[in-house]
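Encoded as structure tokens, the structure appears first; notes follow it.
The values are calculated or read from the model by the stated rules, or taken from the named source; none is laboratory data. Since the model is a prediction, treat every value here as computed from it, not as a measurement. Cβ: placed from backbone, ideal geometry, glycine included. Neighbour counts: every protein chain shown.
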Amino acid sequence: MCGIVGYIGNQKASPILINGLIRLEYRGYDSAGISTIEKNSLSIMKDKGRVKNLYQLEGIDSLTGTVGIAHTRWATHGKPSQENAHPHMDNSKTFSVVHNGIIENYHELRKFLIDHGYTFYSQTDTEIIPNLVHYYYSKDTVSDDLKFLRAFQHACSDFKGSYGIEIICKDYPDQMIVTRKDSPLVIGKGEEENYVSSDIPAILSFTRNFYLLNDFEYAVLSRNAISFYDQELQSIAKEVKHIEWNASSAEKDGYEDFMLKEIYEQPTAIRETIGAKFSESSHCVFDELPFTKEYLATLNRIYIIACGTAMHAGLAGKNTFEKLCKISTEVDVASEFRYRNPLVDEKTLCIFISQSGETADTIAALKLCKEKGAKTLAISNVIGSSITREADYSIYTHAGPEIAVASTKAYTSQVMLITILAIYFAEILECNQNVITPLKKEIMELPKKIEETLTLAKSIQDFSKKIYQEKDMFFLGRGIDETVAKEASLKLKEISYIHSESYPAGELKHGPIALIENDMTVISIITEPNLVEKMISNIQEVITRGAKTLVITNQEIDANLFDRMIKIPETSPFLSPILSIIPLQLLSYYISKEKGLDVDKPRNLAKSVTVE
Ligand code: G6P
């Protein structure tokens, strides 16, 4: 986690850096800080808490440096405090560093440095970086253009763990050096100015031309040039990538919060994700995939591996792969999958879903599957993200930048894309043609149905006013609706801090029903036609025990059976998760607003989890 930004150019660096930090706050907001080169000395200003504390610091306006680095922190080593905030300097105040990741062997390196006379002022792993660079720098007797880079590379070769690092040096006032390993970092190319950031949206208003750095590579930025080096400091060439996202897609555009904007962007996100992959009369096309009937027919299973909301999208994928393609599919949380010695071999297809493409556990699970000989396929929203560079094949959701920590449009786009992928497989395998034709028709109609579902917002907002003070809630479903219950419950926890459980409705009576109390809210999803009666019986069981009930359904059910029923448009059961989650995203959003919480930046969370 953590967000880093860098600027080198002819403008005052501090406003540009702070602007970038504000956009990166979703990556952590325990502290924020910037460091600039001011008349041959390094300045540092930092504070605990949000970026707004930083720009209220006295003296921040007087920074005039045109080269600088900045950081917003999600604390790992060392509690959130001013002294643990980045940037960190070495003892001689020659180097200033920001870091995203964890230096796992920092205890050892810290001891080494203490033994060599260095003093530490924070509890962070990061503080060893500038000091170790200084250690090597002071030992190098050759003073040339590359001395700074050599010392930095020497220090980095000692690190174990993950890092995205920006470093500036007072002796090289016209340079900034960056490197990465398993942590995201992009370089933006401008006109006589260059940028660095943890992600593209943070600097999208300045440039749409980017360079992507691979693990262990270095970039040396000056105002007019960017030079790239490999691990051994051999010069390498890189191609600039032009990003199509427009700058306003990373702005709130009149919405109160990014989350609300992103909920409303779902019709477009789904339309863009469907793209031109098929028409009602033509087969699905994924030019980037090589799969043949022989390969798919010999698969022993598909594994879908992801974290958080992306894992919930994987659950919808399991349902579709098994029903449509008759391929046994398992879904696992990346952090568990890695350590269970999974049954993966060359006959397993492993699919990894990650909005950011940077989730550390998902990337590590992917590497494991490659070692075991499986083919790997990444589904990501970010072109060029780490996961897409590791995987054998990649396909993309086209949701546009998702800024709010709680995922909404990325989830529905992931469900959409994995459904189209399953159709593609089924077409190759020549199974279920009778189901596929009407399903394709339904897909084409989906964006309109999402628009229709969004018109329910007002009545959901009214309902949220009745329940926002609750302490506990239950979400129930059966079949595909149970996977939506999981995602709805996660959304509520994340942004409203209300404890909630999701449960398969039929399983409730085997324990959790003991928790149902008078007036507790139980929310149920009913879209599986063959499970309507069973669901109604389960809901009766909680009504009998005093629960208030809300039902989200696309079925013809007597509304009088429940306290509140919300009717969503009918669609194919393969697509229903995309529609039934929308009222529940809105419900979580409005409950959070009613409670006066920060919807986009819920406490303790970060959007991109780049630590294991
Ligand atoms: C974090 C975010 C979630 C997200 C999960 C996986 O926990 O808060 O919203 O679903 O990471 O992220 P990914 O980028 O891999 O989809």
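Quick look at the values:
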item	result
Pairs with Cβ under 8 Å, 6+ apart, first in the range 539-557 and on the phi > 0 side of the Ramachandran plot, second charged (D, E, K, R)	G546/E517; G546/D519
Residue in the range 36-81 that is surrounded by the fewest Cβ atoms within 10 Å (Cβ to Cβ), counting only those that are assigned to a loop (DSSP other than H, G, I, E, B) and among the small types (G, A, S)	G59
Matching option when the condition is out of contact with any Cys (no Cβ under 8 Å at 6 or more places or on another chain) and within 30 Å of R180 (Cα to Cα), among N300, N246	N246
Residue that is nearest to the ligand (Cβ to nearest atom) [pool: residues in the range 294-325 that are among the charged types (D, E, K, R) and under 28 Å from S502 (Cα atoms)]	K318
Residue match in the range 486-504 (condition: among the hydrophobic types (A, V, I, L, M, F, W, C), without any contact (Cβ under 8 Å) to a residue 60 or more places away in the chain and surrounded by 19 or more Cβ atoms within 10 Å (Cβ to Cβ))	no
Helices (runs of 4 or more DSSP H) within the range 381-487 that include 2 or more residues modelled with pLDDT under 95, within 16 Å of the ligand (Cβ to nearest atom) and in contact with an Asp or Glu (Cβ under 9 Å, 6 or more places away or on another chain)	386-390
Test result for I200, out of contact with any Ser or Thr (no Cβ under 6 Å at 6 or more places or on another chain), β-branched (V, I, T) and either on the phi > 0 side of the Ramachandran plot or buried (at least 20 other Cβ atoms within 10 Å of the Cβ) (or both)	yes
Top-ranked residue of the range 187-209 - restricted to ones that are free of Cβ contacts under 8 Å to residues at least 40 places away in the same chain and in a strand (DSSP E or B), ranked as nearest to N100 (Cα to Cα)	I187
Any hit, the range 281-293, residues being at pLDDT 95 or above, over 19 Å from K441 (Cα atoms) and either within 16 Å of the ligand (Cβ to nearest atom) or part of a helix (DSSP H, G or I) (or both)	yes
Residue match in the range 329-343 (condition: among the charged types (D, E, K, R), more than 10 Å from the ligand (Cβ to nearest atom), surrounded by 20 or more Cβ atoms within 10 Å (Cβ to Cβ) and farther than 29 Å from I203 by Cβ)	yes
The lone exception for T126 - which of (1) crowded, with 24+ Cβ neighbours inside 10 Å; (2) part of a loop (DSSP other than H, G, I, E, B); (3) modelled with pLDDT under 90 it fails	(3)
Matching residues, the range 351-380, being of a type in the set (A, V, I, L, M, F, W, C), out of contact with any helix residue (DSSP H, G or I) (no Cβ under 8 Å at 6 or more places or on another chain) and within 14 Å of the ligand (Cβ to nearest atom)	A360
Selected residue (criterion: modelled with the lowest pLDDT) from residues of the range 262-280 that are outside any loop (DSSP other than H, G, I, E, B) and more than 16 Å from the ligand (Cβ to nearest atom)	S279
Unmet criterion (only one of (1) on the phi < 0 side of the Ramachandran plot; (2) over 30 Å from the mean Cα position of the chain (by Cα)) for D519	(1)
Qualifying residue in the range 222-233 (condition: under 24 Å from the mean Cα position of the chain (by Cα) and either within 22 Å of L149 (Cβ to Cβ) or assigned to a loop (DSSP other than H, G, I, E, B) (or both))	no
Candidate set from the range 353-388 (those that are under 16 Å from the mean Cα position of the chain (by Cα) and charged (D, E, K, R)); member that is nearest to L24 (Cα to Cα)	E358
Yes/no for F159 being within 17 Å of D215 (Cα to Cα), in contact with a Phe, Trp or Tyr (Cβ under 9 Å, 6 or more places away or on another chain), touching a residue at least 24 places away in the same chain (Cβ under 8 Å) and crowded, with 24+ Cβ neighbours inside 10 Å	no
Failed criterion for A250 (all others in (1) of a type in the set (G, A, S); (2) within 15 Å of the ligand (Cβ to nearest atom); (3) within 30 Å of G188 (Cβ to Cβ) hold)	(2)
Some residue of the range 461-478 being under 22 Å from S407 (Cβ atoms), surrounded by 18 or more Cβ atoms within 10 Å (Cβ to Cβ) and either of a type in the set (G, A, S) or free of Cβ contacts under 8 Å to residues at least 40 places away in the same chain (or both)	yes
Failed criterion for Y303 (all others in (1) aromatic (F, W, Y); (2) within 20 Å of S394 (Cα to Cα); (3) not in a strand (DSSP E or B) hold)	(3)
Residue match in the range 519-532 (condition: touching a helix residue (DSSP H, G or I) at 6+ places or on another chain (Cβ under 8 Å) and in contact (Cβ under 8 Å) with a residue 60 or more places away in the chain)	yes
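Here's the yes/no breakdown for (1) under 27 Å from H86 (Cα atoms); (2) modelled with pLDDT of 95 or more:
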site	(1), (2)
T141	no, no
H154	yes, yes
I167	yes, yes
I177	yes, yes
N194	yes, yes
S205	yes, no
L213	yes, no
A237	no, yes
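One line per residue, one yes/no per condition, for (1) in contact with a helix residue (DSSP H, G or I) (Cβ under 6 Å, 6 or more places away or on another chain); (2) modelled with pLDDT under 90; (3) closer than 30 Å to E430 by Cβ:
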{"position": "A219", "(1), (2), (3)": "no, no, no"}
{"position": "I226", "(1), (2), (3)": "no, no, no"}
{"position": "L233", "(1), (2), (3)": "yes, no, no"}
{"position": "H242", "(1), (2), (3)": "no, yes, no"}
{"position": "G254", "(1), (2), (3)": "no, yes, no"}
